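In what follows, a single structure is set out as structure tokens and then discussed.
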Amino acid sequence: MRQAGRYLPEYRALKQKHTFVEMVRTPDLAVEVTLQPLRRFALDAAILFSDILVIPEALGQPYRFKEEGGIAMEFRLEDAAAVERLAPASAVREKLAYMPAALRILRRELGDTKALLGFGGSPWTLACYMLEGGGSDDFARAKEVFHRDRPLFDRLMEKLTDASIEHFRAQIEAGADAVQIFDSWAGIVPAIDYEAASLKWIRRIVDAIGRRAPVILFARGAMAALPALAATGAPVLALDWTVDLGAAARALPATTAVQGNLDPVLLNTTPDVVAREARRLLESMRSRPGHIFNLGHGILPQAKIENVSALVDTVVAFA
Ligand code: 1CP
């Protein structure tokens, strides 16, 4: 998840001096931000500081981080001609070379004692930002295009799928132990459309890269689709905080590991509450092997550092 961010003073200090995009594009800065939480907390894994929107950027649709927060794309994809104008998937290697560069440094710094995660957005989630031209509460335009102009939608998804496969391969070659696919906007798709709008493209990615490294699949808001998500072959499903982790895990094949799913809002409370709720979550998974403890979505800027410490200490001490 977004473990970096505004809750850490050292991150805020760095962001005073550099823009978000600059930090993403400069390997030494991306490495520094990635390592910041690991210097404070006994975490088992690091996730590269970057963003899912580097893929639209590599294809010719740049993004920026707005001063008031949130993301804006330089333009929105209007029509089929705009989709055709996007660069081919092969552009990813050259345009995003800063990402494997940062991963190679991190691999050296972390040695073999910590897992290093790469990531990317699902084609559907990327298409949401590209068709909308920025963030949105409902990404209505992506759904409209899906229903109104399926050839355009499919053409865009093919490009995003190919670009994502290149991107994940490059990250694995540079030392990522596993890659996480963020289908952050799965939850806005009607269940009956989820296969055609998102899942079939994710499956292509899992088929293409699953033999090289484990895939962690996170489809926020689509917990009713967990059996279908497991059927993609992704060995790990990340679960959002809306489901009972223990019950959901026991309903999945024993070979599917689960990651999650503490409500990030708890980190705004107190160390006692965090420790209690973390133990409750761990207890619910006691009889089910294959649990990667994590939040159920990204960490919030309001998270308190003493609460993150309490969380990590509780998980590490749990027996
Ligand atoms: O901890 C880390 O730094 C991990 C790296 C990481 C990841 C995995 C970042 C850095 N972003 C992401 C994924 C990402 N980016 C997703 C999928 C995960 C999720 O659902 O949160 C999405 C949807 C984005 C797009 C994005 N980037 C948004 C949402 C925009 C919107 O309106 O929908 C935002 C606010 C960002 C900025 C961002 N990316 C990462 C960080 C640390 C930040 C916050 C920057 C800041 O506030 O200073």
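In table form, for the structure just shown:
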| quantity | calculated |
| --- | --- |
| Members of segment 1-28 found to be open to solvent by less than 50 Å² (accessible area, probe 1.4 Å), more than 9 Å from the ligand (Cβ to nearest atom) and touching a residue at least 40 places away in the same chain (Cβ under 8 Å), listed by number | 7, 8, 21, 27 |
| Some residue of segment 191-198 being of a type in the set (Val, Ile, Thr), out of contact with any strand residue (DSSP E or B) (no Cβ under 6 Å at 6 or more places or on another chain), modelled with pLDDT of 95 or more and farther than 20 Å from residue 54 by Cα | yes |
| Considering residues of segment 229-242 that are of a type in the set (A, V, I, L, M) and under 16 Å from residue 182 (Cα atoms) only, the residue farthest from the chain's Cα centre (by Cα) | 230 |
| For residue 99: the one exception among (1) open to solvent by less than 50 Å² (accessible area, probe 1.4 Å); (2) within 14 Å of the ligand (Cβ to nearest atom); (3) part of a loop (DSSP other than H, G, I, E, B); (4) not polar (S, T, N, Q) | (3) |
| Neighbours by Cβ (under 7 Å, 6+ apart or cross-chain): first from segment 129-154, under 15 Å from residue 80 (Cα atoms); second of a type in the set (Lys, Arg) and open to solvent by less than 80 Å² (accessible area, probe 1.4 Å) | 131/141; 132/141 |
| Complete set of residues in segment 132-144 that are assigned to a helix (DSSP H, G or I) and either open to solvent by 10 Å² or more (accessible area, probe 1.4 Å) or within 16 Å of residue 58 (Cα to Cα) (or both) | 132, 140, 141, 143, 144 |
| Odd one out for residue 161 among (1) open to solvent by less than 10 Å² (accessible area, probe 1.4 Å); (2) assigned to a helix (DSSP H, G or I); (3) out of contact with any Lys or Arg (no Cβ under 8 Å at 6 or more places or on another chain); (4) away from the ligand (no atom under 15 Å from the Cβ) | (3) |
| Residue list for segment 268-278, filter: more than 25 Å from the chain's Cα centre (by Cα) and open to solvent by 40 Å² or more (accessible area, probe 1.4 Å) | 270, 271, 272, 276 |
| Single residue of segment 223-267 satisfying the filter (among the polar types (S, T, N, Q) and open to solvent by 20 Å² or more (accessible area, probe 1.4 Å)) that is farthest from residue 213 (Cα to Cα) | 242 |
| Count of residues meeting criterion [over 21 Å from residue 54 (Cβ atoms) and of a type in the set (A, V, I, L, M, F, W, C)] in segment 121-179 | 5 |
| So residue 288, is it open to solvent by 80 Å² or more (accessible area, probe 1.4 Å) and either of a type outside the set (Gly, Ala, Ser) or more than 18 Å from residue 240 (Cα to Cα) (or both) | no |
| Any hit, segment 108-130, residues being assigned to a helix (DSSP H, G or I), of a type in the set (S, T, N, Q) and touching a Lys or Arg at 6+ places or on another chain (Cβ under 8 Å) | no |
| Number of positions in segment 59-77 that are farther than 9 Å from residue 134 by Cβ and open to solvent by 10 Å² or more (accessible area, probe 1.4 Å) | 9 |
| Segment 29-50 residues that are of a type in the set (Lys, Arg), paired with ones that are open to solvent by less than 20 Å² (accessible area, probe 1.4 Å) and within 11 Å of the ligand (Cβ to nearest atom) (beta carbon under 9 Å, 6 or more apart) | 40/8 |
| Residue in segment 37-52 that is crowded, with 20+ Cβ neighbours inside 10 Å and of a type in the set (S, T, N, Q) present | yes |
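Residues are listed down the side, and each one gets a yes or a no for (1) in contact with a Pro (Cβ under 9 Å, 6 or more places away or on another chain); (2) more than 13 Å from the ligand (Cβ to nearest atom); (3) more than 23 Å from residue 116 (Cα to Cα):
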residue	(1), (2), (3)
265	no, yes, yes
268	no, yes, yes
274	no, yes, yes
281	no, yes, yes
288	no, yes, yes
294	no, no, no
297	yes, no, no
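The values are calculated or read from the model by the stated rules, or taken from the named source; none is laboratory data. Because the structure is a prediction, the values reported are computed rather than measured. Here the Cβ is made from the backbone with ideal geometry for all residues, glycine too, and neighbour counts use every protein chain on show. In case anyone asks, the SASA skips ligands and DNA or RNA and just uses the protein heavy atoms, side chains included. Shrake-Rupley method; radii C 1.70, N 1.55, O 1.52, S 1.80 Å.
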